Amino acid sequence: MLNRIFEKVIAGERIGFDEADLLYCEADFHELGTLAHAVRMRKHPEKAVTYVVDRNINYSNVCTCGCKFCAFYKAPDAEGGYVLDFDELDRKIEETLALGGTQILMQGGHHPDLPLSWYEDMLRHIKANHAVHVHAFSPPEIVYFSELNDMTPREVIRRLHEAGLDSIPGGGAEILVDSVRSEIAPRKCPAGEWLGVMEDAHHLGLKTTATMMFGHVETARQRLEHLFAVRELQDRTGGFTAFIPWTFQPDHTALSHCRKLTSIEYLRMLAVSRIVLDNVDNVQVSWVTMGPDISQLALFFGGNDFGSTMIEENVVKAAGVSFRLSRDEIHRLVRDAGFEPRQRSMDYTVLEDR
Amino acid sequence: MIFKTEYFESIGLADIREKVARGERLTAEEGLRLFECPEPLAVGALANFSRSRMHGQRAYYVVNRHVNYTNVCVNACTFCAYQREEEEQSGAFRLTTEDVLQKLASSPAVPREVHIVGGCHPKLPLSYFEEMLSAIRAEYPETVLKCFTAVEIGHFAQLEGIDSGEVLKRLQRAGLDMLPGGGAEIFAPRVREQVCPRKLTGDQWLDVHRKAHALGMKTNCTMLFGHIETREERLDHLIRLRELQDEHHGFVCFIPLPFLTENSALRIDHPLTGLEKLRTIAVSRLMLDNVPHIKAYWVMLGVKEAQAALKFGADDFDGTVVEEKIGHEAGASTSQGMTREGIREMIEGCGFSPVERDSYFNSVEEQC
């Protein structure tokens, strides 16, 4: 049976849920990685590994959501909450551009007091002052803005897009199964709304990514349900540029009793993601959570993109994990693995001479 | 399935795969081809095959305790971030026997093994170590005392003006059970001249272990890799260990130690990457066909890389450790210790069955 699934994947055929389940649970570790790598090499035969130079800017940490897995947020009345002012934002963007950066990834919380016009002003301000790609506002933020401003998510996306939003990051997906979401993030939008925002964005011409945060309360089958939900939407829109799975980092969160997943479990999930998501071009490795050693190994488990240099990162760091990687270090890891490093933009266009 | 004959033919390793399947010994040239194979998972799969043939799905760990009795050392190896030249230097320390006993008493669990290493202290007489061992032995009759690298044994011999075999006999009488594998570095003289010129030679290291094995003592062995040595020199190191092992079968476990660059005087152009560490561990498993165990020493590898190493030939996760200084002074970012429960869960998460062991790798599961 397993043999037949391997043959299907090698022949470029799509696999179903039960087949993915069998692969995920039963396949030998090295075989599974090699199968995912074969899929990756078929999609990207050029032996290159891409990465983007960008910065995670968290415009605010104030959030009404209170997700159990989060060590970053501050409740609206708690001490330590902030909203970045535009001068600070400008400084961060200028630093990013000076380091050869091309985009900013901007996410915040669910801030109860900021109207949509504040975000529009921020986007217009950025676009008026900097030549930078703005990859911002995960679907839960979009849904929250829509509720706060009493309009549809589609209308929110349209207005933000008009103000300068270029693409939407795939954060806040966690596990796209409502029973899991109601346990770990009860106040965050349900799976259907997350997918709905992405579908609207794709229809409005915005590209997005999709993420998965696994290794908390979900089952193995629910991880697969997540992959199949992404695949199904991608069949209809083709708007996801990349899939980015990472493992939950439990320290300093309300779920700190969860066992930390091992690198082996991460690599298996990465490989299965590459195999199931036959309609998504790129799969990112997560050096932020896995560190340089395992993210380099992940290039042989289906990953073809090293993600971002992340000049700044705050959220994972708040959960007690802080790896730093310079662009030179990414180049060295990629070359040592036998690939050529290539800087890219958000839409995976390779940038020359950088 | 992918790992069939045709696959190994396509990457030029069909003959090596055959030899591994038949359990035949690999040559240095074959080791080099494994190192140079561009498909790390194929090499990992071969190492995993050997590892599984020897140990099935078992992955071992030990409840142990490290004690570093001094960091004063005459050797001044260029890779070392731990050494101090003399006791008066800032940060230098030396423990008394009472200090050592106190540290052991503060361990969260009675250690099954005590691992004691230090530096080559210019003044401490052999009687200091004999007293230390006797005192620990009296307090912990069941604990295995795995103490003093071959380098320290050689140094004690020199300081006392006696043969290293005599040193081993006296320490054995005082309670020494096993030698840890440290100080082997890379045996090639070219490398030792540059990184540890004052340390005993590769031949002398091997000789101390040969004498220990002849006394019926079990020992471990190590390789410090990822500094200035070539892959060929790593293979030479492995083959020399393999040759000594053929004589007495005294080595229990091989510990590949990746060189950590921080706080070390040795500047190197190409620090190890994660893949090269895993390749080296896999090649070690395949070359050292007569050494039963390979350790994924999480203190030096990092926890996540050590987990991966279990799939690249390693079968031992080392121990709960508690207070490790040498790797941490070199920039190891791992925590100082792990709990028994933490190690067991992690091993299970990697898809293996945890087996608590003693120093000789006998299972002590039923006693838990």
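Compute the separation of the alpha-carbon centres of the stretch A:216-273 and the stretch B:53-86 and state it in Å as a whole number.
Cα centroid of the stretch A:216-273 versus Cα centroid of the stretch B:53-86: 37 Å apart.
Under 5 Å between amide hydrogens, which residues at least 5 positions from B:I116 or on another chain qualify, with H placed 1.01 Å from N in the peptide plane?
B:V67, B:K146, B:C147, B:F148
In nm², what is the average projected area of the convex hull enclosing the Cα atoms of the protein assembly as shown?
Answer in nm², one decimal: 32.0.
Would you mind telling me which residue in B:A214, B:A138, B:A188 has the biggest mean-square fluctuation in a Gaussian network model of chain B, where springs connect alpha carbons within a distance under 10 angstrom?
Top of the fluctuation ranking is B:A138.
Quick one: order B:Y7, A:Y82, B:Y61 by neighbouring beta-carbon count within 10 Å, fewest to most.
A:Y82, B:Y7, B:Y61
To the nearest Å, what is the center-to-center distance of the stretch B:219-243 and the stretch A:107-135, using C-alpha atoms only?
Their Cα centres are 56 Å away from one another.
Against the longest principal axis of chain B, how steep is helix B:164-174, in degrees 0 to 90 to the nearest 10, with axes from Cα atoms?
70 degrees
Please list, or write none, the lysines whose alpha carbon is within less than 26 Å of the alpha carbon of A:K127, excluding same-chain residues fewer than 8 places away.
A:K92, A:K207
Tell me which of B:I268, A:N56, A:L35 sits at the most positive position along the dipole axis of the protein assembly as shown, charges placed on C-beta atoms (Lys, Arg +1; Asp, Glu -1).
A:L35
In nm, what is the difference between 0.36 nm times the number of residues separating A:S182 and A:E147 and their Cα-Cα distance?
Additional length available on full extension: 10.7 nm.
Which far-off residues, 5 or more places away or on another chain, put their amide H under 5 Å from the one on B:N220, with H placed in the peptide plane?
Placed amide hydrogens put B:L179, B:G181, B:V252 under 5 Å from B:N220.
Neighbour counts of other C-beta atoms within 10 Å: give me A:H30, A:H133, B:H121 arranged from fewest to most.
A:H133, B:H121, A:H30
Which residues make up the longest stretch of chain B clear of GluC sites (Glu not before Pro) that lie in a DSSP loop with no more than 12 other Cβ atoms within 10 Å, not counting the sites?
B:143-261
A:K68: which lysines have alpha carbons under 21 Å from its alpha carbon, excluding same-chain residues fewer than 8 sequence positions away?
Here the lysines satisfying the reach criterion relative to A:K68 are A:K188, A:K260, A:K317.
Taking springs between alpha-carbon atoms closer than 10 angstrom, which of B:M287, B:M178, B:M346 fluctuates most in the Gaussian network model of chain B?
B:M346
Report, as a whole number in µm² per second, the diffusion coefficient that Stokes-Einstein gives for the stretch A:1-123 at 4 °C and 1.567 mPa s using the Kirkwood radius over alpha carbon pairs.
D, rounded to a whole number, is 69 µm²/s.
Mind checking which lysines have their C-alpha under 23 Å from B:K169, skipping anything on the same chain fewer than 8 residues away?
Here the lysines satisfying the reach criterion relative to B:K169 are B:K123, B:K146, B:K199, B:K211, B:K218.
Could you go through the stretch B:50-65 in sequence order and give the Karplus-derived ³J(HN,Hα) for each residue, using 6.51 cos²θ - 1.76 cosθ + 1.60 with θ = phi - 60°, rounded to whole Hz, and x for Gly and Pro?
Karplus values, whole Hz, x for Gly and Pro: 4, 4, 6, 4, 7, 10, x, 9, 6, 9, 9, 8, 9, 8, 10, 9.
With viscosity set to 1.306 mPa s and temperature to 10 °C, compute the Stokes-Einstein D of the stretch B:57-367, Rh being the Kirkwood radius across alpha carbon pairs; µm²/s, no decimals.
The calculation lands on 82 µm²/s.
In what order do A:L255, A:L270, B:L260 fall by count of nearby beta-carbon atoms within 10 Å, going from fewest to most?
A:L255, B:L260, A:L270
Using a 10 angstrom cutoff on alpha carbons, build the Gaussian network for chain A and name the most mobile of A:F339, A:F301, A:F214.
Most flexible of the set in this elastic network: A:F339.
With charges only on Cβ, +1 for K and R and -1 for D and E, what is the dipole size of chain B about its Cα centre, in debye, rounded to 20?
340 debye
Read-outs: derived from the displayed coordinates by stated rules, not from any lab. If you're wondering where the values come from, they're calculated on a predicted model, not measured in any experiment. Backbone-built Cβ (ideal geometry, glycine too); neighbour counts: all protein chains shown.
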